[in-house]
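Before any comments, here is the structure.
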Amino acid sequence: MKEYIFLLEEPVRTREIKILASGMMDAFKKAKEFRKNIVQDTKLTVNMILKGVRYTD
């Protein structure tokens, strides 16, 4: 498994999320869903950037 690290840039702060996934598309879908939930709750613009990948056992 790989740990994909995304930065969610909100107007108030920057949040870092870590997602365990087997591939990039799976991680991107999960991060996009997480971002969508934040946008629906706060009604603010949230930018998403891939920070990096960490390989785990």
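The values are calculated or read from the model by the stated rules, or taken from the named source; none is laboratory data. Note that the structure is a prediction, hence the values are computed from the model and not measured. All Cβ positions, glycine included, derive from the backbone under ideal geometry; neighbour counts span all protein chains shown.
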*asked:* Looking at GLU9, GLU16 in this structure, which one is modelled with pLDDT of 95 or more, on the phi < 0 side of the Ramachandran plot and surrounded by fewer than 12 Cβ atoms within 10 Å (Cβ to Cβ)?
replied: GLU16
_For the chain, give me every one of the strands (runs of 3 or more DSSP E) that falls completely inside it and has 2 or more residues that are without any contact (Cβ under 8 Å) to a residue 40 or more places away in the chain and either of a type in the set (Lys, Arg) or in contact with a strand residue (DSSP E or B) (Cβ under 8 Å, 6 or more places away or on another chain) (or both)._
14-21
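If you go through the range 28-50 one residue at a time, do you hit one that is aromatic (Phe, Trp, Tyr), surrounded by 15 or more Cβ atoms within 10 Å (Cβ to Cβ) and out of contact with any Asp or Glu (no Cβ under 9 Å at 6 or more places or on another chain)?
yes
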